[in-house]
Amino acid sequence: MKKMILIILVILLFVVSSALYTVSETQIAVKLRLGEIITVDQKPGLKFKTPFVNNVVKFDNRIQTLDAPAERFLTGEKKNVNVDYYVKWRIIDAEQFYKSTGGNMVRTNNRLAQIIKTGLKSEFSKRTIADVVFGERSEIMVNIKQLAKKDISKFGIEIIDVRIKRIDLSQEVLNSVYRRMQAERHRVAKEFRSKGAEEAEIIRAAADKERTIILANAYRDSEKIRGEGDAASASNYAEAYNKDAEFYSFYRALESYKKSFTGRNDIMVLNPNTEFFRYFK
């Protein structure tokens, strides 16, 4: 008898446990009857179902993250870029979500990734590398979010946000960018050298002009001083000549002899009766 009672209690416990289920604050519960949706319950608490007739599927109603692997897209310049992005989404219609995806999160993420990938491909094909890297990234994300809303409405979900985490250039594009940067640096360096050479020519010309002016002024002053000296010398010679003409003539003749006979082997062929030798007699 006790054994029978124990078996009945176990069966009752099993039936009761099969009839009860709980819904937490982070879940949405869909109650099914033979595969047909009966109710959708979002209120947390202890719930009841008919054992062996009803079954319950629970979904996470929190914001989900699709962190897709990086994809390669072509820009308007036909250049490849590697784009790493993520999507924030959540379930807003559990019944529609279950009908369209079977409640499979992996399948949902795959479909959503394909939609976002198509949108990115379209947006990147309209823009240059400079646009997608620097200028219009926010606009791209807004456009993709708007376009994706139309395609995901049938899934019972909504997109909270779409963000591009990183845009990497392919090696071919990087090499092209580096060559362009190198050419630009060479152009700037050439421009600086040209300006430096121009400034150097201006400075050199100014220095040459100043040098010419200084030399001209120095030559003028030297000629003036030389003329004044010559005038003073001539005046002194004239004054000395007027005091004693014969002595002055004799002195001048000795100076001439001194300058003419500077070496032992000097030879002069002259008539001894010339005026030059008159003081030798």
Extreme residue, farthest from GLN27 (Cα to Cα), among residues of the range 80-93 that are under 39 Å from the mean Cα position of the chain (by Cα) and buried (at least 18 other Cβ atoms within 10 Å of the Cβ): VAL81
Scan of the range 111-150 for residues that are assigned to a helix (DSSP H, G or I) and β-branched (Val, Ile, Thr), ordered by number: ILE115, ILE116, THR118, ILE129, VAL132, VAL133, ILE140, VAL142, ILE144
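Regarding GLY76, is this residue at positive phi, modelled with pLDDT under 85 and surrounded by fewer than 17 Cβ atoms within 10 Å (Cβ to Cβ)?
On the way: at positive phi: no; modelled with pLDDT under 85: yes; surrounded by fewer than 17 Cβ atoms within 10 Å (Cβ to Cβ): yes.
Spelling it out, it is not the case that GLY76 is at positive phi, modelled with pLDDT under 85 and surrounded by fewer than 17 Cβ atoms within 10 Å (Cβ to Cβ).
Here is a list: GLU172, GLU199, GLU210. Which entry is surrounded by 10 or more Cβ atoms within 10 Å (Cβ to Cβ), modelled with pLDDT under 75 and acidic (Asp, Glu)? Lay out the reasoning, then the answer.
On the way: GLU199 fails: modelled with pLDDT under 75; GLU210 fails: modelled with pLDDT under 75.
Just one listed residue meets the conditions, GLU172.
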Contacts under 9 angstrom Cβ, first residue in the range 169-192 being without any contact (Cβ under 8 Å) to a residue 60 or more places away in the chain, partner surrounded by 10 or more Cβ atoms within 10 Å (Cβ to Cβ) and part of a helix (DSSP H, G or I), 6 or more apart: VAL177/ILE129
Residue check for GLY135: over 37 Å from the mean Cα position of the chain (by Cα) and either modelled with pLDDT under 80 or closer than 30 Å to ALA29 by Cβ (or both): no
Residue list for the range 131-143, restricted to those being surrounded by 12 or more Cβ atoms within 10 Å (Cβ to Cβ) and either among the polar types (S, T, N, Q) or closer than 24 Å to ASN61 by Cβ (or both): ASN143
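Counting just the residues of the range 42-80 that are of a type in the set (Phe, Trp, Tyr) and touching a residue at least 40 places away in the same chain (Cβ under 8 Å), which one comes out farthest from GLY156 (Cα to Cα)?
Within the range 42-80, the first condition is being of a type in the set (Phe, Trp, Tyr), and the residues that meet it are 48, 52, 59, 73.
From what's left, touching a residue at least 40 places away in the same chain (Cβ under 8 Å): 59, 73.
On the way: PHE59: 12, PHE73: 29 Å.
My answer is PHE73.
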Tally, over the range 77-112, of residues that are of a type in the set (Gly, Ala, Ser) and more than 21 Å from VAL57 (Cα to Cα): 0
Selection from the range 57-73 of residues that are surrounded by 13 or more Cβ atoms within 10 Å (Cβ to Cβ) and over 22 Å from GLN27 (Cβ atoms): ALA68, ALA70, GLU71, PHE73
Criterion violated by ILE140 - all others in (1) under 34 Å from the mean Cα position of the chain (by Cα); (2) aliphatic (A, V, I, L, M); (3) within 27 Å of ILE37 (Cα to Cα) satisfied: (3)
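The values are calculated or read from the model by the stated rules, or taken from the named source; none is laboratory data. Quick caveat, the model's predicted, so the values are computed rather than measured. Reconstructed Cβ throughout: ideal geometry from the backbone, glycine too, with neighbour counts over all protein chains shown.
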